[in-house]
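Chemist: Take this structure, written in structure tokens, and hold onto it; I'll ask about it next.
Any read-out appearing in this document is the output of simple, stated calculations on the displayed coordinates, not a laboratory observation. Nothing here was measured: the structure is a model prediction, and the numbers come from that model. When we count neighbours, we look across all protein chains shown, and the Cβ atoms used for this are built from the backbone with ideal geometry, even at glycine.
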Protein chains: 2
Amino acid sequence: METRELRYFVAVAEESHFGRAAERLGIAQPALSRAVQKMERRLGTPLFVRSGRTVSLTAAGTVLLDEGRHALAAVAAADRRTRRAAPDGRPGLALVAKAGVSVELLAKLLDAYAAEPDAAEVEVILAGLEPGEPERMLRDGRADVALLVADGHVLGGLDHEDIATEGRMVVLPAGHPLAARATMTVDELPALPRPCWPEDGLEVRDGTQLLQLIALGRAFSVLPESSRPALPAGVVAVPLAGASPVVTRIAWPSHSRSLAVAALVRVATRL
Amino acid sequence: METRELRYFVAVAEESHFGRAAERLGIAQPALSRAVQKMERRLGTPLFVRSGRTVSLTAAGTVLLDEGRHALAAVAAADRRTRRAAPDGRPGLALVAKAGVSVELLAKLLDAYAAEPDAAEVEVILAGLEPGEPERMLRDGRADVALLVADGHVLGGLDHEDIATEGRMVVLPAGHPLAARATMTVDELPALPRPCWPEDGLEVRDGTQLLQLIALGRAFSVLPESSRPALPAGVVAVPLAGASPVVTRIAWPSHSRSLAVAALVRVATRL
DNA sequence: TACACTTACGATTGACGTAAGCATC
DNA sequence: GATGCTTACGTCAATCGTAAGTGTA
């Protein structure tokens with residue numbers, strides 16, 4: 001099975017339509033039809049049910065869609081990581097930081113790693129808000145290591161190590177009645193007005209907007225303690241007792257044998 | 001990057017020789033040379049250092065060998081699992097049992113699973129002695145689940161669940177001075193004569209030979225308690241105190257979304 | 001000089017696009 | 001009758017094998 005065929009199959013499966021898939025792939029529709037037929041002949045089983053003018057996956061097709069995506073991700077990873085290992089001046093390590101991780105922690109990690117002997121150049125990628133995006137990037141080779149906030153989600157195929165634990169704090173307008181409190185408990189939270197966002201992390205782009213809203217008395221929020229230096233004037237942070245701690249962890253593909261990744265992980269666990 | 005190219009590259013990398021690799025691939029040597037050159041051109045980096053009459057990997061080549069093998073395994077897995085999902089009478093689930101797991105436990109698992117509603121047909125594969133072979137079979141799709149004995153080795157990319165724990169016993173010739181003991185400790189083991197094999201598991205084919213050797217007074221062994229029913233006349237088993245327990249676990253690819261695998265794992269954890 | 005990778009060239013295979021066919025809604 | 005997958009056919013690109021070339025031990 002060639003990767004080109006897998007790409008063709010996945011396109012048809014995702015579109016449930018040969019015509020649209022062909023357009024997406026930039027080829028004519030008959031070529032796509034033939035390619036899928038060839039796969040079905042070689043696999044000895046139909047992948048699609050063509051009933052009338054609808055196309056749907058068979059059981060075998062469902063399996064191939066799942067496994068094929070993983071295979072394509074693995075091929076893409078091989079390509080990207082090979083290019084990254086090219087011996088010119090480009091970065092040798094791609095680190096993806098999920099939105100919500102402490103910028104201070106990231107900076108500390110990068111500094112500590114850069115001080116190591118034989119440290120590779122590190123390209124830092126900031127992931128968007130989509131859940132699972134850093135994991136996807138590790139799998140398809142766009143990144144080699146990820147810095148993320150533990151959210152109970154299982155990381156299939158990835159190894160990880162917790163590197164920092166911190167408390168949470170409530171961020172309030174400076175004039176709020178509770179702003180003078182030395183500490184608050186989670187039981188007191190429901191009494192506060194909406195919106196309460198974000199629960200688990202601070203999204204970089206809109207984070208400042210949120211803080212402005214708080215300063216204006218239009219919102220409050222719960223953030224990790226490490227966000228305290230980033231707070232503007234007009235807001236107050238009160239430590240929150242009884243809340244689950246925010247755990248930052250470093251993750252990497254469990255099959256990784258990169259020395260650079262190993263060194264970065266070692267540095268991270270010793271921060 | 002096409003899988004054909006990856007296969008070509010891996011062959012050359014493994015042989016360190018274009019000629020032998022071409023022979024192994026069943027193609028002429030110049031075709032192989034051209035294919036690798038094409039990959040190097042597209043990746044923008046050399047993969048091999050051709051110095052005189054020796055061929056060796058560059059740093060980028062080393063990365064591609066590692067990642068490429070994973071990608072090829074993923075493609076092979078996609079192929080095999082799709083064929084296995086074909087809707088005819090073939091088995092829907094391939095279980096690999098590592099040498100050393102209790103046959104009784106395996107039988108109990110298969111019986112319990114077969115009693116489940118919508119149970120798939122299970123093809124049982126007995127793996128050889130090579131360490132890591134069941135893991136490889138899970139990765140390249142020859143198997144969907146594995147039954148193995150925990151050996152401290154990390155299972156990269158695999159999820160697992162412990163399903164049985166048992167003690168160990170010392171197997172001695174019936175006439176041995178220690179055969180009458182009700183129990184032994186690990187401290188007493190070094191006093192016994194060689195060979196002491198196997199440490200962690202009973203290999204099926206040669207296991208009977210080992211037991212015959214013990215009956216003849218030429219050896220002894222340490223086996224899991226579950227092997228007791230398989231002992232022939234002429235040997236005696238003495239429980240071993242203080243030894244690390246034998247843990248049998250079930251493992252599967254962490255990205256598996258197969259309902260059949262999930263059902264089998266659920267049954268296994270409830271044994 | 002022999003071994004081993006590369007370049008050159010002609011042949012074959014296979015993938016593609018256009019056009020016609022055929023079934024379903 | 002229109003939509004949409006399939007079959008037919010001619011074209012083009014890619015891969016392959018044989019043969020000649022080049023460079024090192």
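Chemist: Can you work out the PRE-style zone for A:E14? Point 7 Å along Cα to Cβ, and I want the residues of region A:61-91 with backbone N under 20 Å.
Modeler: Under 20 Å, as judged by backbone N against the label point of A:E14, lie A:61-81 of region A:61-91.
Chemist: Counting only C-alpha contacts under 8 Å and six or more residues apart, can you give the relative contact order of chain B as a whole percent?
Modeler: Values: 427 pairs, mean separation 54.3, N = 271.
Here the relative contact order equals 20 percent.
Chemist: Rg to Rh for region A:60-121: what is it, with Cα atoms only and Rh by Kirkwood?
Modeler: Values: Rg = 16.9 Å, Rh = 14.6 Å.
That ratio equals 1.16.
Chemist: Exposure proxy check: A:V10, B:V36 ranked by fewest other beta carbons within 10 Å?
Modeler: Working: A:V10 18, B:V36 24.
Listed from fewest to most nearby Cβ atoms, that is A:V10, B:V36.
Chemist: Give the residue from A:H160, A:A174, A:A146 lying farthest towards the positive end of the charge dipole for region A:144-192; charges sit on Cβ (+1 for Lys and Arg, -1 for Asp and Glu) and the dipole is referred to the Cα centre.
Modeler: Ranked along the dipole, the leading option is A:A174.
Chemist: Explain nothing, just the number: dipole magnitude of chain B about its Cα centre with +1 on each Lys and Arg Cβ and -1 on each Asp and Glu Cβ, in debye rounded to the nearest 20.
Modeler: Values: 31 positive and 33 negative charges, 200 e Å.
Approximately 960 debye in magnitude.
Chemist: Could you give the distance between the Cα centres of region B:23-94 and region A:130-174, to the whole Å?
Modeler: A separation of 32 Å, based on Cα centres.
Chemist: Additional query: Please state the Cα pair-distance histogram of region A:13-137 with 10 angstrom bins from zero: what percent is in each bin?
Modeler: Binned Cα distances yield the sequence 10, 27, 25, 18, 14, 6, 0.
Chemist: Among A:G26, A:G100, A:G175, whose mean-square fluctuation peaks in a Gaussian network model of chain A (Cα, cutoff 10 Å)?
Modeler: Checking each option, the largest mean-square fluctuation is seen for A:G26.
Chemist: Using a simple spin-label model with points 7 Å from Cα along the Cα→Cβ vector, what separation in nm is obtained for B:R181 and A:V49?
Modeler: Label-label distance for B:R181 and A:V49, simple model: 6.5 nm.
Chemist: Using 0.36 nm per residue of separation minus the Cα-Cα distance, give me the extension gain between A:L259 and A:D88 in nm, one decimal. If you can, show how the numbers build up before the last one.
Modeler: Values: separation 171, 0.36 × 171 = 61.56 nm, distance 1.79 nm.
Contour length minus the Cα-Cα distance gives 59.8 nm.
Chemist: If you rank B:F220, A:F48 by fewest surrounding Cβ atoms within 10 Å, what's the result? Each step should come with its number before you reach the end.
Modeler: On the way: B:F220 24, A:F48 20.
Lowest to highest Cβ neighbour count: A:F48, B:F220.
Chemist: Taking 20 °C and 1.002 mPa s as the conditions, I'd like the Stokes-Einstein D for region A:44-90 in µm²/s, using the Kirkwood hydrodynamic radius from alpha carbon pairs. Intermediate values should be presented prior to the final figure.
Modeler: On the way: Rh = 13.2 Å.
Calculated translational D: 162 µm²/s.
Chemist: Do me a favour and compute the ellipsoid semi-axes for chain B from its Cα gyration tensor, root of five times each eigenvalue, largest one first, whole Å.
Modeler: On the way: eigenvalues 386, 137, 46 Å².
So the equivalent ellipsoid measures 44, 26, 15 Å along its semi-axes.
Chemist: If you don't mind, another one. Subtract the Cα-Cα distance of B:E123 and B:R266 from 0.36 nm times their separation in residues, and report this length gain in nm to one decimal. Each step should come with its number before you reach the end.
Modeler: Numbers: separation 143, 0.36 × 143 = 51.48 nm, distance 1.80 nm.
Separation in residues times 0.36 nm, less the Cα-Cα distance, equals 49.7 nm.
Chemist: Note the distances from A:G167 to each other copy's matching label point, with points 7 Å along the Cα-to-beta-carbon direction, in nm, sorted shortest first.
Modeler: Relative to the other copies, A:G167 has label-point distances of 4.9 nm.
Chemist: Using the membrane-span-like helix rule (whole DSSP H runs, Cα extent along the own axis of at least 24 Å, mean Kyte-Doolittle hydropathy at least -1.0), which helices of chain A qualify? Walk me through the numbers before you get to the answer.
Modeler: On the way: long enough: A:59-84 (38 Å, -0.16).
In chain A, the long hydrophobic H runs are A:59-84.
Chemist: Taking each label point as 7 Å beyond Cα in the direction of the beta carbon, state the distances from A:G152 to the same residue in the other copies, shortest first, in nm.
Modeler: 3.5
Chemist: Something else about it: What Rg and what Dmax come out for the protein assembly as shown when only alpha-carbon atoms are used, in angstroms?
Modeler: 28.7, 89
Chemist: Label position 7 Å from Cα toward Cβ: report the copy-to-copy distances for A:E130 in nm, one decimal, ordered from shortest.
Modeler: In ascending order, 3.8 nm.
Chemist: Please identify every one of the trypsin sites (Lys or Arg not before Pro) in region A:1-110 that sits in a loop by DSSP and has no more than 12 other beta carbons within 10 Å of its own beta carbon. Intermediate values should be presented prior to the final figure.
Modeler: Details: sites: A:R4, A:R7, A:R20, A:R24, A:R34, A:K38, A:R41, A:R42, A:R50, A:R53, A:R69, A:R80, A:R81, A:R83, A:R84, A:K98, A:K108; in loops: A:R53, A:K98.
Here the sparse-neighbourhood loop sites are A:R53.
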